[in-house]
1. When the residues of region 42-52 are filtered to those that are in contact (Cβ under 8 Å) with a residue 24 or more places away in the chain and surrounded by fewer than 20 Cβ atoms within 10 Å (Cβ to Cβ), which remaining residue is nearest to residue 71 (Cα to Cα)?
2. Pull up region 152-200, narrow it to residues that are crowded, with 19+ Cβ neighbours inside 10 Å and of a type in the set (Phe, Trp, Tyr), then point me to the one that is farthest from residue 231 (Cα to Cα).
3. Testing residue 377 on (1) under 25 Å from the mean Cα position of the chain (by Cα); (2) in a helix (DSSP H, G or I); (3) not basic (Lys, Arg), one condition comes back false. Which one is that?
4. If you take the residues of region 330-355 that are closer than 30 Å to residue 308 by Cα and of a type in the set (Val, Ile, Thr), which of them is surrounded by the fewest Cβ atoms within 10 Å (Cβ to Cβ)?
5. Having 3 or more residues that are modelled with pLDDT of 90 or more and either touching a Cys at 6+ places or on another chain (Cβ under 7 Å) or under 20 Å from residue 386 (Cβ atoms) (or both) is the bar; report the helices (runs of 4 or more DSSP H) wholly within region 185-262 that clear it.
6. Which count do you get for residues in region 270-283 that are farther than 15 Å from residue 225 by Cβ and touching a helix residue (DSSP H, G or I) at 6+ places or on another chain (Cβ under 8 Å)?
7. Name every residue in region 303-347 that is among the polar types (S, T, N, Q) and under 17 Å from residue 225 (Cα atoms), in order of residue number.
8. Could you grab the pairs with beta carbons closer than 7 Å, sequence gap of 6+ or different chains, first residue in region 269-289 and without any contact (Cβ under 8 Å) to a residue 24 or more places away in the chain and part of a loop (DSSP other than H, G, I, E, B), second one hydrophobic (A, V, I, L, M, F, W, C) and surrounded by 15 or more Cβ atoms within 10 Å (Cβ to Cβ)?
Amino acid sequence: MMKKISLIAASISIAFSSFGQKQNIQSANNMLKDKDYDKAIEYINLAANDPSTKDDPKTYFVKGNIYMNMQSDEKYKSTNPYREAGKAYLNAVKLKPSYEKETMDPALLNVAFSYYNDGINAFNAKSYDDAMNFMKTTIEIHDLEGGKRFANKSFDTVAAQGKMIAAYSAVYADKTEEALPLLLAAKNDPIAVNANIYVMLSEIYRKQNKDAEFMATLDEGAMKYPENDNIRVAQLNYYLKSGKQDVIIAKLEEAIAKNPSNASYQMQLANTYNTMANPKDASGNDMAKPANSAELMDKAEGYYQAAIKIDPNNVGYSYNTGALYFNKATEINNQMNKVTGTSAAETKKYDELKVKRDGYFEQAIPFLEKTHTSLEGTRSSWTDDDRFYYQSSLVALREIYARQNKLDKAKELKDKLDASRK
């Protein structure tokens, strides 16, 4: 579901300065100047336990500076001193939010970015408990003063990504109680939200037997991501198991009647018919097709065409329409493979099927070509769905062109496919 995620750069060396005259704080600061970190920690811990200085934000500001400077020292770096720095800075902010704000905010940002980087490393290593906890600290820092302390768009993006990864980590660690609020936070964040958040959230509700929340989540996700297979399959499987597939069809037909220019409704109904025609089990494996599969596919085709007419530049719509024709061709090809005899009747049947198959391939080509050409040169901004559309359209087109003996085109597409996977 998630690719390896890149780290962000963070500078973690904090300048220090002289403070007031309270002895232990001053002594700690002096030791910091001399880079005698052990002594500096000894003095600052005395200050933190002294009734006269334990509630002084200076105490924790100096303590944070000590540990952040240790983070830049190779002798201490591997012990991640920035984490103690973060605790200290947060204590200072809680005691007095405005204290040394011009210096405190960059320090807190460095701590947050460092936690984020460690969260990414932990997530990529599948250490999901650590990843979740590291990201929670990044989020905690970002959310100081109701999320208004920093007014930093880059930090907003990092924190949103942190919400998403924390939510994924909680799910993968099978910590449902912790996952639920994290998923809700990610769902309500316009930067963090994606289709997988809705799928994971609905799965938690399903396990909790909360049918109303389960369906409300899937319905909301389906409207927001009408082309997403995982949402559509989960939604339809629920209705199928309940014997209520007619419910979702009726709801979508009603929505289309009220707003016929809404392409997403058309696409969602097309996908619903397509899924009914080509059912899969919970693991994504193909199941036996219903007797009216061809009829359902024809209905899907009509709604795909309607969606494309309304929004011709939507790559998801182009891909799904092209995939429908490609899958129709594949189904005909399977029928061709069953014609094993050499009689005149069987040869005629084979040739008729081949004409039909090739016709579907020809119908698929313009939609699949539009899909990958629309995404060419935009790789840096691809979503997971974009990557899927691009690569899948190339796979399908490569097969079509190979069958048409257009081997140069097939090779060109293979090269593009290989490049996209690097």
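The values are calculated or read from the model by the stated rules, or taken from the named source; none is laboratory data. Just so you know, these numbers come straight off a predicted model, no measurement behind them. No Cβ is skipped: glycine too gets one built from the backbone with ideal geometry, and neighbour counts run over all protein chains shown.
1. Here is the first cut: in region 42-52, the residues in contact (Cβ under 8 Å) with a residue 24 or more places away in the chain are 47, 50, 52.
Within this subset, residues satisfying the condition of being surrounded by fewer than 20 Cβ atoms within 10 Å (Cβ to Cβ) are 50, 52.
Working: 50: 26, 52: 29 Å.
Step by step, filter region 42-52, then rank; the result is 50.
2. Going through the qualifying residues, I end up with 155.
3. Going through (1) under 25 Å from the mean Cα position of the chain (by Cα); (2) in a helix (DSSP H, G or I); (3) not basic (Lys, Arg) one by one, residue 377 breaks only (2).
4. The initial filter retains those residues of region 330-355 that are closer than 30 Å to residue 308 by Cα, namely 330-335, 352-355.
Narrowing further to those that are of a type in the set (Val, Ile, Thr): 330, 332, 355.
Values: 330: 16, 332: 20, 355: 10.
Step by step, filter region 330-355, then rank; the result is 355.
5. On the way: elements: 195-207, 211-224, 229-241, 245-258.
In region 185-262, 195-207 are the helices (runs of 4 or more DSSP H) which contain 3 or more residues that are modelled with pLDDT of 90 or more and either touching a Cys at 6+ places or on another chain (Cβ under 7 Å) or under 20 Å from residue 386 (Cβ atoms) (or both).
6. We begin by selecting, within region 270-283, every residue farther than 15 Å from residue 225 by Cβ; these are 273-274, 276-283.
If we keep only those that are touching a helix residue (DSSP H, G or I) at 6+ places or on another chain (Cβ under 8 Å) too, we end up with 273-274, 276-280, 282.
So the answer is 8.
7. Kept after step one, since they are among the polar types (S, T, N, Q), are these residues of region 303-347: 305, 313-314, 318, 320-321, 327, 330, 333-335, 337, 340, 342-343, 347.
Answer for region 303-347, where residues must be among the polar types (S, T, N, Q) and under 17 Å from residue 225 (Cα atoms): 313, 314, 318, 320, 321.
8. Pairs that qualify, where the first residue is without any contact (Cβ under 8 Å) to a residue 24 or more places away in the chain and part of a loop (DSSP other than H, G, I, E, B) and the partner is hydrophobic (A, V, I, L, M, F, W, C) and surrounded by 15 or more Cβ atoms within 10 Å (Cβ to Cβ), are 289/277.
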